[in-house]
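Notes follow the structure.
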Amino acid sequence: MPYKDQYAVFGHPINHSKSPRIHQLFAKQTQQQISYEAQEVPAASFESAIQQFFQQGGKGLNCTVPLKELAWQRAEQLSRRAKLSKAVNTLILQENGTLLGDNTDGIGLVTDLLNNHAIPLSDRRILILGAGGASRGILEPLLQQSPRHIVIANRTVEKAITLSHEFSHLGDIRGCGYDDLNNAQFDLILNATSASLTGELPPLGEHLLAEKGCCYDLAYGNQPTAFVLWGQAQKAEKSLDGLGMLVEQAAEAFYLWRGVRPETSAIIDLLNAERS
Ligand code: ATR
């Protein structure tokens, strides 16, 4: 059997991960000889699992919940976007044997919004729900698109305010609580809370979404999330979940590892068809 470079995704839980399927489709499409597997790794075993993986010839790793912050600490070098997001979803073994940490989540989101859904960001009023790791990871790439402003709303108001201050040198951004949104309206509302994972919805008032506005949930599932359903009820022009972001962040990781950029649209279509 020909030798294959080894890649994997670590996480906990990991059994429903679509990443192996996505990377195997990328490899087939670009004729790269790689293997890519999902490995169940709780936080307590992260260090030993990582050592074993790279000692056995692993070339690169994706890390997902709850390991992204640990991967950020573990990386010996960090890309600029990983430094800002304080989370790493992609580790790359470099020629000198050190691990470079990067974060492709934010660019994955922006690519999905702009290229796959033609949702403009420039001069748009954007609301981000949640002020945890998922929000932090998307702020810089969104601000680079010159939105009119970004508001971060969070249950714990201080977290939203602190996070907004960290990025205020990059654009017009502020943090608040859900009650403070009052009569504000937004062209794009992004759900970056973990509420979708438990089928919950942040406390959102009516009329938050401007006419022709769009909703996007960073989470995804085989059924529409509570937030995607909320967007539909608000008559959003588009109300989407994060499947496209998942594929686009994977494509960026694949490019970092292999130097080849997969074509994503056919793969997103395939995964969409499979879940319906
Ligand atoms: P992640 O890495 O997925 O962002 P996290 O850092 O734990 O996870 O952040 C979870 C985010 O979802 C937080 O902003 C959290 O709000 P609090 O900071 O107030 O806890 C938000 N969140 C989780 N469940 C929620 C719910 N049911 N309603 C509203 N916000 C929720």
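Eigenvalues of the alpha-carbon gyration tensor of the stretch 1-89, scaled by 5 and square-rooted, set the equivalent ellipsoid semi-axes at 22, 15, 14 angstrom, largest first. For the stretch 106-241, the pair-distance distribution built from all alpha carbon pairs, in bins 10 Å wide starting at 0, is 13, 49, 35, 3 percent. Rounded to the nearest 10 square angstrom, Ile14 shows an accessible area of 10 square angstrom against a 1.4 Å probe.
Counting Cα-Cα pairs of the stretch 1-156 in 10 Å increments starting at 0 gives whole-percent bin shares of 10, 34, 35, 17, 4, 0. With one equal scatterer per alpha carbon and no solvent term, the Debye-computed log10 I(q)/I(0) for the chain at 0.10, 0.13, 0.15 1/Å reads -0.51, -0.86, -1.13.
So which GluC sites (Glu not before Pro) in the stretch 40-139 are both in a DSSP loop and have at most 15 other Cβ atoms within 10 Å of their Cβ? Those satisfying the criteria are Glu76, Glu95. Close amide H pairs (under 5 Å, H built 1.01 Å from N) link Ala38 with Val9, residues at least 5 positions away or on another chain. Close Lys pairs in the chain, defined as Cα atoms under 27 Å apart and 8 or more places apart or on different chains, number 21.
Taking N as the residue count of the stretch 129-177, its C-alpha radius of gyration divided by 2.2 N^0.38 Å amounts to 0.99.
The angle between the Cα long axis of helix 243-258 and the main principal axis of the chain comes to about 40°, on a 0 to 90 degree scale.
Computed over the stretch 173-276, the Cα gyration tensor eigenvalues convert (square root of 5λ each) into semi-axes of 29, 16, 13 Å, ordered from largest to smallest. With one equal scatterer per alpha carbon and no solvent term, the Debye-computed log10 I(q)/I(0) for the stretch 46-132 at 0.12, 0.17, 0.26 1/Å reads -0.45, -0.76, -1.28.
The values are calculated or read from the model by the stated rules, or taken from the named source; none is laboratory data. No experiment lies behind these values; they were computed from the predicted model shown. Backbone-built Cβ (ideal geometry, glycine too); neighbour counts: all protein chains shown. Ligands, DNA and RNA are excluded from the accessible area calculation, which covers all protein heavy atoms including side chains. Shrake-Rupley method; radii C 1.70, N 1.55, O 1.52, S 1.80 Å.
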